[in-house]
1. Anything in the range 78-109 that is among the hydroxyl-bearing types (Ser, Thr, Tyr) and modelled with pLDDT of 95 or more? List them, or say none.
2. For the range 28-66, which positions are among the hydroxyl-bearing types (Ser, Thr, Tyr), at pLDDT 95 or above and either crowded, with 18+ Cβ neighbours inside 10 Å or under 14 Å from Tyr93 (Cα atoms) (or both)?
3. Which of the residues that make up the range 94-118 are in a strand (DSSP E or B), open to solvent by 20 Å² or more (accessible area, probe 1.4 Å) and within 16 Å of Trp58 (Cα to Cα)?
4. What are the residues in the range 71-92 that are assigned to a loop (DSSP other than H, G, I, E, B), under 21 Å from Gly14 (Cβ atoms) and either open to solvent by 60 Å² or more (accessible area, probe 1.4 Å) or not β-branched (Val, Ile, Thr) (or both), if any?
5. On the basis of being out of contact with any helix residue (DSSP H, G or I) (no Cβ under 6 Å at 6 or more places or on another chain), surrounded by 18 or more Cβ atoms within 10 Å (Cβ to Cβ) and not in a helix (DSSP H, G or I), does Val121 make the cut?
6. Looking only at the range 14-58, which residues are part of a strand (DSSP E or B), touching a Phe, Trp or Tyr at 6+ places or on another chain (Cβ under 7 Å) and within 19 Å of Asn76 (Cα to Cα)?
7. What single numbered condition from (1) touching a Lys or Arg at 6+ places or on another chain (Cβ under 8 Å); (2) under 21 Å from Leu17 (Cβ atoms) fails to hold for Lys64?
8. Please verify whether the range 2-17 includes one or more residues that are out of contact with any Gly (no Cβ under 6 Å at 6 or more places or on another chain), modelled with pLDDT under 95 and loosely packed, with under 14 Cβ neighbours inside 10 Å.
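The values are calculated or read from the model by the stated rules, or taken from the named source; none is laboratory data. Computed from a prediction, not measured in an experiment: that's the story for all the values here. Cβ placement follows ideal geometry from the backbone for every residue including glycine, while neighbour counts extend to all protein chains displayed. All accessible areas refer to the heavy atoms of the entire protein, side chains included, with ligands and DNA or RNA removed. Shrake-Rupley method; radii C 1.70, N 1.55, O 1.52, S 1.80 Å.
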Amino acid sequence: VQLQASGGGLVQAGGFLSVSCAASGRTLSGYHMGWFRQAPGKDREFVAAISWSDNSPWYVDSAKGRFTIARDNAKNTVYLQMNSLKPEDTAVYYCAAGILDGPIYNSGSYQYFGKGTLVTVSS
């Protein structure tokens, strides 16, 4: 599975941005999908995930109520809608796909990661 994230950019605090992740190589059916981010000088952290089985979403506490993850298996794409953005949301955002051999919020549980897309939130 090859994953390509896109849609990052510069936005003012309080604004919104949508990033997407297109998969190629095989269908996303059967894969749980996640978004992770890495800010400069910090470790990669979990942002959101969506299960394969029932599309249940998972969010890091800081994203709850602001971010929405969705998937379109027919288009082999997963989306992350980000509203009410804050400067602390600035990071490179990565999408991931996996059958999950661990917790859905753990990056090690995913088998595939794409190249990231940079999101910069100005204050």
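1. Kept after step one, since they are among the hydroxyl-bearing types (Ser, Thr, Tyr), are these residues of the range 78-109: 79, 84, 90, 93-94, 105, 107, 109.
Of everything in the range 78-109, those that are among the hydroxyl-bearing types (Ser, Thr, Tyr) and modelled with pLDDT of 95 or more turn out to be Tyr79, Ser84, Thr90, Tyr93, Tyr94.
2. Once the filter is applied, which keeps residues that are among the hydroxyl-bearing types (Ser, Thr, Tyr), at pLDDT 95 or above and either crowded, with 18+ Cβ neighbours inside 10 Å or under 14 Å from Tyr93 (Cα atoms) (or both), the range 28-66 yields only Tyr59.
3. Let us first name the residues in the range 94-118 that are in a strand (DSSP E or B), namely 94-98, 112-113, 115, 117-118.
Cutting the leftovers down to open to solvent by 20 Å² or more (accessible area, probe 1.4 Å) gives us 94, 112-113, 115, 118.
Hit for the range 94-118 is Tyr94, nothing else.
4. Step one: of the range 71-92, the residues assigned to a loop (DSSP other than H, G, I, E, B) are 73-76, 83-86, 90.
Okay, now just the ones that are also under 21 Å from Gly14 (Cβ atoms), so 83-86, 90.
Hits for the range 71-92 are Asn83, Ser84, Leu85, Lys86.
5. Working: out of contact with any helix residue (DSSP H, G or I) (no Cβ under 6 Å at 6 or more places or on another chain): no; surrounded by 18 or more Cβ atoms within 10 Å (Cβ to Cβ): yes; not in a helix (DSSP H, G or I): yes.
So Val121 does not fit the description; no.
6. Ser18, Val19, Ser20, His32, Gly34, Trp35, Phe36, Ala48, Ala49
7. (1)
8. no
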